[in-house]
1. Compute the acute angle (0 to 90°) between the alpha-carbon long axis of helix 57-69 and the principal axis of greatest extent of the alpha-carbon atoms of the chain; round to the nearest 10°.
2. To test your reading of the geometry: what angle, between 0 and 90 degrees and rounded to tens, separates the Cα axis of helix 412-431 from the longest principal axis of the chain?
3. Bin all alpha-carbon pair distances of the stretch 459-532 at 10 Å intervals from 0 and give each bin's fraction as a whole percent.
4. With 21 Å as the limit, write out which pairs from Lys137/Lys246; Lys175/Lys236; Lys160/Lys206; Lys490/Lys512; Lys123/Lys490; Lys125/Lys478 have Cα-Cα distances beyond it, or answer none.
5. What percent of all Cα-Cα pairs in the stretch 506-545 falls into each 5 Å bin, going from 0 up to the bin containing the maximum distance?
6. Take the eigenvalues of the Cα gyration tensor for the stretch 1-147, scale each by 5, and report the square roots as semi-axes in whole Å, largest first.
7. With just the Cα atoms of the stretch 411-468, tell me how far they stretch along each of the three principal axes, in Å, largest first.
8. If you plug each phi of the stretch 120-127 into the Karplus form 6.51 cos²θ - 1.76 cosθ + 1.60 with θ = phi - 60°, what whole-Hz ³J(HN,Hα) values come out, in order, with x for Gly and Pro?
Amino acid sequence: MTSLTQTDNWQQLQSLAQGLNGQHMRDWFKQDDTRAQRYTSQACGIELDYSKNLINDEILAALYGLAEARQVSAKRDAMFAGDIINHTEGRAVLHTALRNFSGQPVLVDGQDVMPEVLATQDKIKAFVERIHSGSHKGYTGKAIKHIVSIGIGGSFLGPKIMFEALKPYWYQDIKLHFVANVDGCHIQDVLAGLDHEDTLIVMSSKSFTTQETLQNTLTAKAWFLQAGGTQQDIAKHFICVSSNIKAAVDFGMDEDNIFPMWDWVGGRYSLWSAIGLPIALGLGYENYRQLLEGAYEMDRHFVEAPAEQNLPMLMGLLGIWYTNFFAAQSHVLLPYYHYLRGFPAYVQQLDMESNGKSVAGDAEQVDYATGPVIWGSEGTNGQHSFHQLIHQGQVLIPADFMLPLNVPNQDDTHHAMLASNCFGQTQALMQGKTYDEAYAELEGKGLSEEKRHALATHKTMPGNKPSNTLLFSQLDPKTLGSLVALYEHKVFVQGAIWGVNSFDQWGVELGKVLGNNILAKLTDRDAALDFDASTNALISRFRAANQ
Ligand SMILES: O=P(O)(O)OC[C@H]1O[C@H](O)[C@H](O)[C@@H](O)[C@@H]1O
């Protein structure tokens, strides 16, 4: 097979990128007053303004051509159809079945998975109602007031970040707490403030083998027993979500308290499964369902909209453009909405665990960049720190700005200021400041010619820095569902073009194995150390400090 970089599409894009030398977005906006309108697309209540990108019609056409040549649509259809596209793990990839409201079956190995999906949704709904109505009581008869969700990776980020993002929709009588890290400080801090009689522990682990989650659950169990609960009271206070029912039962989970999921749901795509149970508990079932419906709408858009209007396709292709033709190594996410502050961390796992890969197809070592570093934080905070590098640094950092146009219960002045900063940053990145503008601003400041020239040079901002702006009316559960699915499918588009398997994570697996090998040497202090000299020395220091 021809390597991706040798294809006509790739080479055409390379020469189009070179052709942009000396051109500036500022001029394009001056020359074409339809640019903003032509390069804005919207779906599912999300408006994407991608006009502040280094693109024109010819470049977009070439990017669509690349997507076609790499059969992105056919690969997408294979995912939705339940084909075994995660070929290194021999699994289908069907998070979309978890939010499939079409009424149509979804087959895996000829078996319709929808009855199980719907039955689990019913189980979630019934459980949420029992907790909210107070009919599910703790062992001393108290209603549940606190939920501690224990999980890590996708079993943590999805529930926590989506719950936080939807603060205006919180169910007020229940407080949610999240624990991920095996660092004992975390669980200790969370449990310290709680009463075991009105606390429910939700343990979430797809594999039921993750060290952090198992240990934190054991610690929570010990806390419960020590506080006065007995072994037989555990069923009223501990539930779990897992695809490994046997391991959960062996661990001591009551079978009725296990919410199932399936191996065709990847950890970083699992918030739509029962892993999302804490979200449903924290928001109420109807809001949780809206989240799923929003994702379903984005699925339909991804499948049905032509490339030129297809948000995941556009965002995926723009990312390819900068990663592969402008050597951009990172992509920054800037939610201008405090409650959405966790979103960059969510997309970090989604994107970096999916496309941080080096092998394409069956066994082809790639010779092009794949997934970028994803980072970012809430605006406007970053403007007073790291935005400097985006404005004037030597690396190109494409940005996604996101802003709800309305926010519930907020002072208009604050919101207008927030929006003005968001728009102002995209404008500054695009237009920059020319040397002449900087020089003119220094008029009458009493500077020598030499000083004025030097200062104007420092104050010159190149501009021409790309950004997307995503606007939505407000971040309700449905819009959030669409937003998350948008990024999922963006990642899919990029993985399909790069030809990598976006659904395995062998690098992460290695870390787990090595960590366990070392743990054995920390707990058995006399065990011979047969690792490399650096690792042996680190272990020895730990042993010496923990006699
Ligand atoms: O849900 P679990 O099986 O406990 O897995 C939790 C996490 O474990 C690993 O680190 C995977 O790379 C993640 O994708 C996963 O979300």
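The values are calculated or read from the model by the stated rules, or taken from the named source; none is laboratory data. Only a predicted model underlies this, so the values are computations on that prediction, with no experimental measurement involved. Cβ: placed from backbone, ideal geometry, glycine included. Neighbour counts: every protein chain shown. Remember, those area values only see protein heavy atoms, side chains included, never the ligands or the DNA or RNA. Shrake-Rupley method; radii C 1.70, N 1.55, O 1.52, S 1.80 Å.
1. 40 degrees
2. 50 degrees
3. All Cα pairs, binned at 10 Å, distribute as 13, 21, 20, 20, 17, 9, 0 percent.
4. Lys137/Lys246; Lys490/Lys512; Lys123/Lys490
5. With a bin width of 5 Å, the distribution comes to 6, 23, 31, 23, 12, 5, 1.
6. 47, 26, 14
7. Result, largest extent first: 46, 26, 12 Å.
8. Taking θ as phi minus 60°, the curve returns 5, 4, 4, 5, 4, 4, 5, 5 Hz for the stretch 120-127.
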